[in-house]
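Reviewing the structure listed below.
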Amino acid sequence: MSDTIRQLAESLQQAEHVTVLTGSGISADSGVPTFRDPQEGLWAKYQPQDLASPDAFLKDPDFVWQWYQWRRKKVLSVEPNPGHKALAELAHSHPSLTLVTQNVDGLHQRAGHEDVIEFHGNIHRNLCLDNGHMMRVEDYPDKPPRCRICDSLVRPGVVWFGESIPETALSRSLAATRKAELFIAIGTSATVYPAASLADLAREHGATTAEINPQTSDMNTVDIAIRARAAEALPALLVAYQGR
Ligand code: APR
């Protein structure tokens, strides 16, 4: 791993603009199951795709809401891991590193990362179905509350399958990817679009592409492949980048 870490650190030092795309793999080291891991307990017999959709919510709002409550509690019960923290430190020390995350867990922010582009929203936010009124939801009701403004059902503030990416998140991600000289995918299977198309877009614009993942992913071409866990590779990358 040390050769590829050194190679990536050199690319980081040379790149004026860096774009990083993270997926659920970076949170795996905090104990948050990835999307392709089997689910736990009551949810074991469901695929996230069966629950994270507008149809699933409309069909059984209480059931889908309870899945999100379970996930929110799970995420709040864990801590950002050394991978999240090293990436936040890298962002503080590199002049232009843009983080795009597919994760909705908020762990990058809790690790000290300031400007996170949340491609799929954030599980700690809620909004109403009819008008998108943002709603603070205290404690953990086991049924979705109703909007205090228009009385429509309140849903989690995440992007569901079949829904479009929030406009600002999409435009900022595309702009950062187009101008990146280095694109690093961390902990993603690169199977869900449009996030999965960012690596090809970066490459089309001349970027070097890198991946940190113990397994291979659906990324078409990777110039620098670090086959390791994010919690192991990112702290090593930070040390190599800072020349310590
Ligand atoms: N460090 C780095 N990568 C890891 C680690 C780890 N410790 N553990 C697992 N991985 C890798 C796996 O090898 C896999 O390639 O993380 C990836 C996780 O892939 P997915 O579970 O498909 O998660 P992700 O790519 O984030 O899914 C994308 O799909 O379900 C939707 O909206 C959801 O944002 C999600 C999107």
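Mind listing the phi-derived Karplus ³J(HN,Hα) values for region 144-161, rounded to whole Hz, using 6.51, -1.76 and 1.60 with θ = phi - 60°, and x for any glycine or proline?
Along region 144-161, the couplings run x, x, 10, 5, 6, 9, 10, 6, 7, 5, 8, 10, x, x, 10, 8, 8, 4 Hz.
Which residues' amide hydrogens lie under 5 Å from the amide hydrogen of residue 121, considering only partners 5 or more residues apart or on another chain, with H built in the peptide plane?
159
Just grab the label-to-label distance for residue 60 and residue 227, each label 7 Å out from Cα along the Cβ direction, in nm (one decimal).
4.1
So, taking all protein chains as they sit and a 1.4 Å probe, how much accessible area belongs to residue 98, in Å² rounded to tens?
For residue 98, solvent-accessible area is about 30 Å².
Using heavy-atom solvent-accessible surface (probe 1.4 Å) with all chains present, what is the largest-first order of 216, 19?
Per-residue accessible area, sorted high to low, gives 216, 19.
Could you rank the peptides 43-49, 115-121 by their average count of other C-beta atoms within 10 Å per residue, with the highest value first?
So the order, starting with the most tightly packed, is 115-121, 43-49.
What size of dipole, in debye to the nearest 20, comes out for the chain about its Cα centre when the only charges are +1 on Lys and Arg C-beta atoms and -1 on Asp and Glu C-beta atoms?
360
Applying the Karplus parametrisation 6.51 cos²θ - 1.76 cosθ + 1.60 with θ = phi - 60° to the phi angles of region 57-72, what ³J(HN,Hα) value in whole Hz is obtained for each residue in order, glycine and proline being reported as x?
5, 5, 5, 8, x, 4, 5, 5, 4, 5, 4, 5, 4, 4, 5, 4
Using only alpha carbon pairs under 8 Å that are at least six residues apart, calculate the relative contact order of region 105-244 and give it in whole percent.
Reported relative contact order: 16 percent.
So what are the ³J(HN,Hα) numbers for region 49-55, from phi and the Karplus equation (6.51, -1.76, 1.60; θ = phi - 60°), rounded to whole Hz, Gly and Pro as x?
Result, ordered by residue: 4, 6, 10, 8, 8, x, 4 Hz.
Please compute the length gained on full extension between residue 149 and residue 205, using 0.36 nm multiplied by the number of residues separating them and subtracting their Cα-Cα distance.
Extra length available between residue 149 and residue 205 comes to 15.6 nm.
Per the helix-only calculation at 222 nm, which mean residue ellipticity applies to the chain, given -39500 (n - 2.57) for every DSSP H run of n ≥ 4 and division by its residues, nearest 500 deg cm²/dmol?
So the calculated ellipticity at 222 nm is -10500 deg cm²/dmol.
What is the chain's relative contact order, in percent, from Cα pairs under 8 angstrom and six or more apart in sequence?
27
Ranked by accessible surface with a 1.4 Å probe, highest first, in what order do 135, 1 come?
1, 135
What distance in nm separates the two pseudo spin-label positions at residue 172 and residue 96, each 7 Å out from Cα along the beta-carbon direction?
Here the modelled spin labels are 1.7 nm apart.
What angle, in degrees between 0 and 90 and rounded to the nearest 10, separates the Cα long axis of helix 2-14 from the longest principal axis of the Cα atoms of the chain?
90
Given R₀ = 35 Å, what would the calculated FRET efficiency be for residue 78 paired with residue 49, taking r from the Cβ atoms and rounding to 0.05?
Here the calculated transfer efficiency is 0.90.
7 Å from Cα along Cα→Cβ at both residue 239 and residue 34: what's the point-to-point distance in nm?
Here the answer is 2.4 nm between the modelled labels.
Using modelled backbone amide H atoms (1.01 Å from N, in-plane), which distant-in-sequence or interchain residues come within less than 5 Å of residue 186's amide H?
21, 22, 23, 212
How big is the shadow of the Cα convex hull of the chain, averaged over all directions, in nm²?
The Cα convex hull of the chain, projected and averaged over all directions, gives 12.7 nm².
Normalising by the residue count of region 109-148, find the relative contact order in percent from Cα pairs under 8 Å and 6+ residues apart.
The value is 27 percent.
The values are calculated or read from the model by the stated rules, or taken from the named source; none is laboratory data. The shown structure was predicted, so the numbers you read here are calculated from the model rather than taken from an experiment. Positions of Cβ are backbone-derived with ideal geometry, glycine not excepted, and every protein chain shown enters the neighbour counts. Only protein heavy atoms, including side chains, enter the accessible area calculation; ligands, DNA and RNA are left aside. Shrake-Rupley method; radii C 1.70, N 1.55, O 1.52, S 1.80 Å.
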